[in-house]
Amino acid sequence: MPAQIELDSPRLSLRRWRAEDHAAFAELNDDPEVMRHFPACLSRAESEQQIERIEADFARHGFGFWALERKDSGAFIGFTGLRPVAFDAGFCPAVEIAWRLARSHWHQGFASEAARAALACGFTRLGLEQIVSFTAVDNLASQQVMRAIGMQRDPAEDFEHPALPAGHRLRPHVLYRLRRSDWEAGR
Ligand SMILES: CC(C)(COP(=O)(O)OP(=O)(O)OC[C@H]1O[C@@H](n2cnc3c(N)ncnc32)[C@H](O)[C@@H]1OP(=O)(O)O)[C@@H](O)C(=O)NCCC(=O)NCCS
C-alpha cells in the first residue's frame, strides 16, 4: 500500500475517514440543498458506498477525498480531495479536485482553503502536471471555488457527463483546469 497522505490547512485537518464521520456524511448527503446539483440525495447505504470508494482510492493511491475536520470544534464538515477521473472523456486521463460540505459550514472559505492544500499536495508531493475540476453548468458555487483557487475554464472543453442519460438536466458540464506552471506562477 502506498504511503498514506494527510494534510493540514490553517483551520482544517484533511485526514483519513473515521467511523464517527459516517453518520454526519450520511446527513449531508441527505440534504436536498447540498445535493441540488446531483441526480438525487443519497440513502445511508449509498453514502456508505461512497466512503468505501474513497477508502479504495486511498488504498490504491495514498490520496483521495480527505475528510475535513475543523480544528476549532473538531467537527467533521465534509470532504475535499483528489482522485483520478473515474470515467472516460476527452480530457482523461486526469486527476480531479472535488468538494462537498455540510450546509452549516458554507460561506466561510472552508472549501477553497481545503482545496488550496489539496492542490499544493497534487503539484508538489504527487508531481502532477495539471489538475482538473468539473461540475454541472448551473453549479455556480462550485465554479466560484474553482476560480477562487486559480482554475480556468475553456468553454471549448465543456462536455456531457457520460454517466448521465442524454437530456438529463445535469448532463452539460463545465471543465476547469490548472497547470502546475500557472499554479507556481500564482503563488
Ligand atoms: C461548493 C461548496 C463546496 C462551496 O463551499 P464553501 O466552503 O461555501 O466555499 P468557500 O466559502 O470556500 O467559497 C469560495 C468562493 O466561492 C464563493 N461561493 C460559495 N458559495 C457560493 C454560492 N452559492 N454562489 C456563488 N458563489 C459562492 C465564495 O463567495 C467564494 O468566492 P470568493 O473567493 O470570490 O470570495 C458548497 O457550496 C457545497 O458543498 N455545495 C454542495 C456540493 C457541491 O455542489 N459540490 C461540488 C460538486 S462538483
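The values are calculated or read from the model by the stated rules, or taken from the named source; none is laboratory data. Quick caveat, the model's predicted, so the values are computed rather than measured. Because the Cβ atoms are built from the backbone with ideal geometry, glycine has one as well, and the counts that use them run over all protein chains shown. For accessibility, only protein heavy atoms count, side chains too; no ligands or nucleic acids. Shrake-Rupley method; radii C 1.70, N 1.55, O 1.52, S 1.80 Å.
Among the residues in the stretch 85-94, are any within 13 Å of the ligand (Cβ to nearest atom) and touching a strand residue (DSSP E or B) at 6+ places or on another chain (Cβ under 9 Å)? Let's see the steps before the verdict.
Filtering the stretch 85-94 down to residues within 13 Å of the ligand (Cβ to nearest atom) leaves 85.
Next, from what is left, pick out any that are touching a strand residue (DSSP E or B) at 6+ places or on another chain (Cβ under 9 Å): 85.
Within the stretch 85-94, one or more residues are within 13 Å of the ligand (Cβ to nearest atom) and touching a strand residue (DSSP E or B) at 6+ places or on another chain (Cβ under 9 Å).
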Suppose we keep only residues that are assigned to a loop (DSSP other than H, G, I, E, B) and touching a residue at least 40 places away in the same chain (Cβ under 8 Å) within the stretch 162-187. Which one would you say is surrounded by the most Cβ atoms within 10 Å (Cβ to Cβ)? L170
Within the stretch 144-161, restricting to residues that are surrounded by 13 or more Cβ atoms within 10 Å (Cβ to Cβ) and of a type in the set (G, A, S), the one that is nearest to M35 (Cα to Cα) is A148
So how many residues does the stretch 87-104 have that are of a type in the set (A, V, I, L, M, F, W, C) and not in a loop (DSSP other than H, G, I, E, B)? 5
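Looking at A114, A141, can you tell me which residue is of a type in the set (A, V, I, L, M, F, W, C), within 15 Å of the ligand (Cβ to nearest atom) and open to solvent by less than 30 Å² (accessible area, probe 1.4 Å)?
On the way: A141 fails: open to solvent by less than 30 Å² (accessible area, probe 1.4 Å).
Result: A114 is the single residue among A114, A141 that is of a type in the set (A, V, I, L, M, F, W, C), within 15 Å of the ligand (Cβ to nearest atom) and open to solvent by less than 30 Å² (accessible area, probe 1.4 Å).
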Within the stretch 59-78, does at least one residue satisfy the condition of being assigned to a loop (DSSP other than H, G, I, E, B), open to solvent by 10 Å² or more (accessible area, probe 1.4 Å), away from the ligand (no atom under 16 Å from the Cβ) and under 25 Å from L175 (Cβ atoms)? yes
Could you look through the stretch 7-32, keep only residues that are in contact with a Phe, Trp or Tyr (Cβ under 9 Å, 6 or more places away or on another chain) and among the charged types (D, E, K, R), and pick out the one that is nearest to the ligand (Cβ to nearest atom)? R11
Mind listing whichever residues of the stretch 33-50 are closer than 17 Å to A102 by Cα and more than 16 Å from the ligand (Cβ to nearest atom)? S43, R44, E48
Would the stretch 122-131 turn up any residue that is at pLDDT 95 or above, open to solvent by less than 50 Å² (accessible area, probe 1.4 Å) and within 15 Å of the ligand (Cβ to nearest atom)? yes
Would you call R103 open to solvent by 60 Å² or more (accessible area, probe 1.4 Å), touching a residue at least 60 places away in the same chain (Cβ under 8 Å), under 30 Å from R18 (Cα atoms) and within 8 Å of the ligand (Cβ to nearest atom)? yes
